[in-house]
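Asks: Have a look at the structure that comes next, please.
The values are calculated or read from the model by the stated rules, or taken from the named source; none is laboratory data. Since we're looking at a predicted model, the values are computed, not measured. FYI the Cβ positions are ideal-geometry reconstructions off the backbone, even for glycines, and counts take in every protein chain you see. All accessible areas refer to the heavy atoms of the entire protein, side chains included, with ligands and DNA or RNA removed. Shrake-Rupley method; radii C 1.70, N 1.55, O 1.52, S 1.80 Å.
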Protein chains: 2
Amino acid sequence: MEIIEIPANKLNPKEFIRQQVEAISGTVGDGVAITALSGGVDSSAVTMLGHRALGEKLKAYFINNGLMRQDEPQAVVSLFKRLGVHVEVVDAREIFFKALKGIRDPEKKREAITQTFYKKVFGAIVKQSGARYLLQGTILTDVEETVAGVKRQHNVLQQLGIDPQKAFGYGVVEPLLQIRKDGVRKVAKALGLPESAYNRMPFPGPALAARVVGAVTPENIELVRKATAILEHELKRVKAFQCMAILHEDRFAGMREGKREFGQQIEVRCWKSVDARTAKPVWLAPAVLQRIARRMTTEVPGVVSVTYNIASKPPSTMEAV
Amino acid sequence: MEIIEIPANKLNPKEFIRQQVEAISGTVGDGVAITALSGGVDSSAVTMLGHRALGEKLKAYFINNGLMRQDEPQAVVSLFKRLGVHVEVVDAREIFFKALKGIRDPEKKREAITQTFYKKVFGAIVKQSGARYLLQGTILTDVEETVAGVKRQHNVLQQLGIDPQKAFGYGVVEPLLQIRKDGVRKVAKALGLPESAYNRMPFPGPALAARVVGAVTPENIELVRKATAILEHELKRVKAFQCMAILHEDRFAGMREGKREFGQQIEVRCWKSVDARTAKPVWLAPAVLQRIARRMTTEVPGVVSVTYNIASKPPSTMEAV
C-alpha cells in the first residue's frame with residue numbers, strides 16, 4: 001500500500017515507460033482494458049502507455065460529462081487520431097447534470113461526479129466492452145491530498161477504502177502513482193505527445209463543476225465555460241502552472257447603461273507552481289488583467305465584476321471548491 | 001427641484017462657503033440644528049459649515065451604529081475637538097444590528113439603515129435636542145445615482161419622494177447638493193479641515209454593512225473591520241480615490257497545517273477616480289498585494305482566499321453591495 005515516490009529529477013522517462021508498459025501487459029494479459037481520456041496530461045500519458053502495452057486491446061473513451069471546456073471533446077479526439085489512437089466520445093451530459101442537481105457542497109459534488117463516472121457511465125461501458133481493467137492517471141499528489149483530507153480527488157479509490165473490483169466490477173491500473181505532475185510531463189513528452197498536451201495546464205477531474213460556487217446547472221456551466229475560453233485565449237502566451245475562471249454565487253451591485261444591474265462575479269486565478277503542493281499567483285501585467293475584465297464583463301452575460309486571486313497556497317488551494 | 005451643478009474647476013470655495021453659511025443661518029434662524037458626523041469629507045464639511053453659521057446652536061453627533069471602522073468614533077471626536085467642535089457619540093450599535101438581522105438584499109439593508117438612522121436614532125435625538133433641522137452632506141452624485149436607480153444612497157430623501165418633515169418630523173438642509181466629491185474636498189480644505197479629513201477616502205453611509213455580502217452580523221462586521229484596518233494600514237501611502245475590503249458569503253476550499261479548511265474570501269477594491277462617476281482599478285505592486293493577502297489570511301480568522309478587483313465602473317459599481 002505504501003507508494004515510493006520517484007522524484008522528477010531522478011526519473012528516467014524511457015526506463016519508466018518500459019517498466020510501466022511491461023506491468024500493464026502483465027496485469028491485463030490477453031484481456032481488454034479501457035481508459036477514460038480527459039485530454040489532461042495524466043490521462044493522455046496513461047492512454048499512450050496503455051496503447052503501447054495493449055494496442056487495439058486498449059479502448060479509449062472521452063466521457064462528455066457536459067462539464068468540459070469549449071470544443072474540448074473534438075480537440076482531444078483529433079489529437080489522438082493523429083497519434084494513431086481511436087477515441088470514442090460518450091455523451092453523458094444529461095446523466096451528470098441530473099446527478100449534480102441541487103448539490104451545493106463541494107465534497108458532495110465531487111462524490112456525485114465520482115459515483116456517476118465510475119458506477120453509472122463506466123459501469124455500462126465496461127459491460128459493453130467486456131473489459132476487466134480501467135487504466136487511470138492518478139498521481140502521487142492526488143493520493144496525498146485525499147489521504148490528508150485536503151481535497152477528495154475523484155480518481156483516488158483504494159486510498160479511500162473503495163475496492164473498485166467489488167464496488168464497480170473492474171480493476172483499476174494506475175501507472176503514474178509514483179510520480180507527480182512534473183514527472184508526468186517528462187513521461188508524456190517521451191511518449192511522443194505534442195507540447196500542447198505534455199505542457200497542458202492541469203484541469204480538475206470534476207472539470208468546470210469545480211469552477212462554479214454552489215449548485216451546478218447547465219446555465220452556470222455555460223457562463224464559466226465562456227469565461228474560461230476568454231481567459232485561456234488571453235493568457236495563451238503566459239507561462240503559468242494553471243489558470244482558471246471561477247463563477248461566484250454571491251451577487252454584486254453593477255450598472256449598465258446607467259441602470260442598476262445586480263450581477264455576478266468571475267474570479268481569475270493564475271498559479272505559479274512546480275508540483276502543485278505550494279503555489280503563488282502569477283503577477284500579470286495590468287493591461288492583460290484589464291483586457292480580461294473588459295471581455296468578461298461584456299461577453300459573459302450577467303457578469304458585472306471580475307477579480308484576480310492574490311493569495312498563495314497554502315492557505316488557499318489552487319481550485320476554488 | 002432642479003439642481004444646478006457647480007463643477008469643481010469653477011468653484012470658488014470661499015464664496016461658496018460664504019453663501020452656504022448665509023443660507024444655513026437664514027433657514028435655521030434662531031433655532032437649533034443637528035448634524036450627523038461620520039468623519040467622511042461630506043459630513044465633516046457640513047459640520048464645519050454649520051458650526052460657522054450657527055456656532056453652539058449646531059449640535060454634532062457621531063452615531064456609532066456598530067458598522068464603523070476600527071477606532072473611528074474616537075478619531076472623529078478628537079479631530080473635531082481640535083477644531084473647536086464638540087461631538088457627542090451616540091451608542092446605537094444594538095438597534096442597528098437588530099434592524100439589520102437576517103436582511104440579505106443590499107437595497108433592503110440600505111433601507112433598514114436609512115429608516116433606523118432617520119426615524120429611530122435621529123428621531124430621538126431631534127426630540128431631545130429640540131432641533132428642527134438636520135444638516136447633511138448629500139452631494140450631487142448621490143442624488144444622480146439614486147434618481148437613476150443605480151444605487152439608493154441612504155441620505156437622499158426628497159429625491160425618493162420622502163418629505164423628511166412629514167416622515168421624521170424635521171427639515172433637512174443640504175449645503176453640498178450642487179457639488180461633487182472633488183468640489184467638497186476644496187470646500188473642506190478652505191474650511192480649515194486637515195488633509196487627513198479633506199482628502200479622506202469616501203466611506204459609504206451604510207459603512208461596513210456595505211462591505212459584507214449577505215446578512216450583517218456583529219461577527220462578520222468584526223471580520224471585515226479587521227480586513228479594512230489591514231488594508232488601510234498597508235495602503236497608507238497609495239494614492240487612490242477609494243480602497244475597500246469586502247467579505248464574501250461564498251465559501252472556498254483552503255488548507256491550514258495540511259488539513260482542509262472551508263473558509264471565506266476577502267475581495268480588495270482600490271479605485272482610481274475623479275468624481276466617482278467612472279472608476280478604474282489602481283494597479284498596485286505585486287509586493288503590496290502579496291503582503292495584503294498574507295496578512296489577511298493570517299490575521300482575519302477563517303479567511304483562506306483574497307482577491308483583487310480588476311473590473312472598471314461601469315459595469316461594476318465602486319461599492320460591492
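Asks: Please go through region B:19-39 and give me each residue that is more than 25 Å from B:SER196 (Cα to Cα), touching a residue at least 24 places away in the same chain (Cβ under 8 Å) and open to solvent by less than 60 Å² (accessible area, probe 1.4 Å), ordered by number.
Replies: B:ALA23, B:ILE24, B:SER25, B:VAL28, B:GLY31, B:VAL32, B:ALA33
Asks: As an exercise: evaluate B:VAL187 against (1) part of a helix (DSSP H, G or I); (2) surrounded by fewer than 22 Cβ atoms within 10 Å (Cβ to Cβ); (3) at pLDDT 90 or above and give the number of the one condition it does not meet.
Replies: Evaluating B:VAL187 over (1) part of a helix (DSSP H, G or I); (2) surrounded by fewer than 22 Cβ atoms within 10 Å (Cβ to Cβ); (3) at pLDDT 90 or above leaves (2) as the failure.
Asks: Sticking with this structure for a sec: B:HIS51 is checked against (1) in contact (Cβ under 8 Å) with a residue 60 or more places away in the chain; (2) assigned to a helix (DSSP H, G or I); (3) surrounded by 22 or more Cβ atoms within 10 Å (Cβ to Cβ) and fails just one. What number does that condition carry?
Replies: Just one mismatch for B:HIS51, condition (1).
Asks: Let me ask something else about it. Which members of region A:208-220 meet the condition of being in a helix (DSSP H, G or I) and surrounded by fewer than 23 Cβ atoms within 10 Å (Cβ to Cβ)? Don't jump to the end; show me each part of the working.
Replies: First, the residues of region A:208-220 that are in a helix (DSSP H, G or I): A:208-211, A:218-220.
Passing the criteria: A:PRO218, A:GLU219, A:ASN220.
Asks: What pairs come out if I take residues in region A:1-18 that are of a type outside the set (S, T, N, Q) and pair them with residues that are open to solvent by 70 Å² or more (accessible area, probe 1.4 Å) and not in a loop (DSSP other than H, G, I, E, B) whose C-beta lies under 7 Å away, six or more apart or interchain?
Replies: Listed by first residue and then by second, the contacts come to A:ALA8/A:LYS186; A:LEU11/A:LYS186; A:PRO13/A:LYS186.
Asks: With the requirement that a residue be open to solvent by 50 Å² or more (accessible area, probe 1.4 Å) and among the hydrophobic types (A, V, I, L, M, F, W, C), what does region A:94-144 give you?
Replies: Hit for region A:94-144 is A:ILE95, nothing else.
Asks: Follow-up question, since we're still on this one. Looking only at region A:282-302, count how many residues are within 8 Å of another protein chain (Cβ to nearest Cβ) and more than 16 Å from A:HIS233 (Cβ to Cβ).
Replies: The number of residues fulfilling the criteria is 2.
Asks: Within region A:161-184, count every residue that is small (Gly, Ala, Ser) and open to solvent by 20 Å² or more (accessible area, probe 1.4 Å).
Replies: 3
Asks: Do we find that A:ALA276 is at pLDDT below 95, closer than 14 Å to A:CYS243 by Cα and more than 9 Å from chain B (Cβ to nearest Cβ) in this structure? Full working, then the answer.
Replies: Values: at pLDDT below 95: yes; closer than 14 Å to A:CYS243 by Cα: yes; more than 9 Å from chain B (Cβ to nearest Cβ): yes.
Yes.
Asks: What residue, of A:GLU234, A:GLU219, A:GLU267, is modelled with pLDDT of 95 or more, under 30 Å from B:LYS259 (Cβ atoms) and acidic (Asp, Glu)?
Replies: Matching residue, one of A:GLU234, A:GLU219, A:GLU267: A:GLU267.
Asks: Output the number of the condition that A:GLY31 fails; it satisfies all remaining conditions of (1) in a helix (DSSP H, G or I); (2) among the small types (Gly, Ala, Ser); (3) on the phi < 0 side of the Ramachandran plot.
Replies: Here A:GLY31 meets the rest and fails (1).
Asks: On the basis of being in a helix (DSSP H, G or I) and at pLDDT 85 or above, does B:GLU145 make the cut?
Replies: Criteria not met by B:GLU145.
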